[in-house]
Amino acid sequence: MADTPLRALVADDEEPALAELVYLLTEDPRIGPIRTASNGPEALKILQGSDIDVVFCDIKMPGLDGIDLARVLSKFRQPRPQIVFVTAYDEHAVEAFNVEAVDYVMKPVRAERLAAAIRRVIMTGAPVPAPPPEDTDELIPVELAGITRRVKRSTVRYVEAQGDYARLHTGQNSHLVRIPLSTLEERWRDAGFTRIHRSTLVALAHVDEMRVDGGRCAVRVGGDWLPVSRRHTRELRDLLVRSTSLRG
């Protein structure tokens, strides 16, 4: 995909925003032919009759909004077009994560931000790399019934702070280790762990759902719902959207 210009569809019911986005996309050599639509049904008709690699669409559109359009696209055969939401509203980022959008770009659109979204589209369409060798998965010694065993970092879903200790939660068990949460946050950042609360570290790969209710945010990890503090909510939304696009 990186060597072939992307066939794009731009959908927005506001003509000035549509024209501006088309202009910015034509300036990027990674974008090839561009189709346009002024509403969801029109976009869907184009998608059903044309080969499109990526859809840049607004969320609030008449007839069929961007989120609903993404849900319809999820039923398409592979390879299906990828979705980049371009919107003036940030409250739909959770829904974007749930429908596996590649990126979520805020209006007014900056050229460098749009370029980053296109880069993510290309990365997502690239072949999935082989899994890392076994020895790159850190092993953490834990005590279990008087026996020292080693737990793989990849099995840890989330970590809770307990004073100078940290409790590692895996699928079935939890293990108390004498490592401060701040140390694990620094050590495991590149492995996909992020702070969601002053006392909680979560593995992005194990987040199944994100929900905002009454201004309070929480994520579901397995059978547990974990609260997300306000200061970490926006960053977590961005990380989840990006990590989902790379896994997809």
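A few remarks follow.
- Boolean, ALA218 is in a strand (DSSP E or B) and within 28 Å of GLU100 (Cα to Cα): yes
- Selected residue (only one of THR200, THR148, THR170 is of a type in the set (Ser, Thr, Tyr) and at pLDDT below 90): THR148
- Residues of segment 180-198 satisfying the condition of being in contact (Cβ under 8 Å) with a residue 24 or more places away in the chain, over 13 Å from LEU236 (Cβ atoms) and surrounded by 15 or more Cβ atoms within 10 Å (Cβ to Cβ): LEU184, TRP188, ALA191
- Of the candidates ILE34, ILE46, the single residue that is in contact (Cβ under 8 Å) with a residue 24 or more places away in the chain, part of a helix (DSSP H, G or I) and β-branched (Val, Ile, Thr) is ILE46.
- Within the set VAL219, VAL151, VAL241, VAL202, the sole residue that is more than 30 Å from VAL54 (Cβ to Cβ) and of a type in the set (A, V, I, L, M) turns out to be VAL151.
- Summed over segment 67-78, the residues that are more than 23 Å from ASP208 (Cβ to Cβ) and modelled with pLDDT of 80 or more give a count of 1.
- Taken over segment 91-104, the criterion of being of a type in the set (D, E, K, R), at pLDDT 70 or above, open to solvent by 10 Å² or more (accessible area, probe 1.4 Å) and outside any helix (DSSP H, G or I) is satisfied by GLU100 alone.
- Residue within segment 19-38 that is more than 19 Å from ALA116 (Cα to Cα) and crowded, with 21+ Cβ neighbours inside 10 Å present: yes
- Of the residues in segment 109-126, at least one is at pLDDT below 75 and part of a loop (DSSP other than H, G, I, E, B).
The values are calculated or read from the model by the stated rules, or taken from the named source; none is laboratory data. Keep in mind that this is a model prediction, so the values were computed, not measured. Quick reminder, even Gly has a Cβ in these numbers, built from the backbone with ideal geometry, and neighbours come from all protein chains shown. These accessible areas exclude ligands, DNA and RNA; they are computed on the full protein's heavy atoms, side chains included. Shrake-Rupley method; radii C 1.70, N 1.55, O 1.52, S 1.80 Å.
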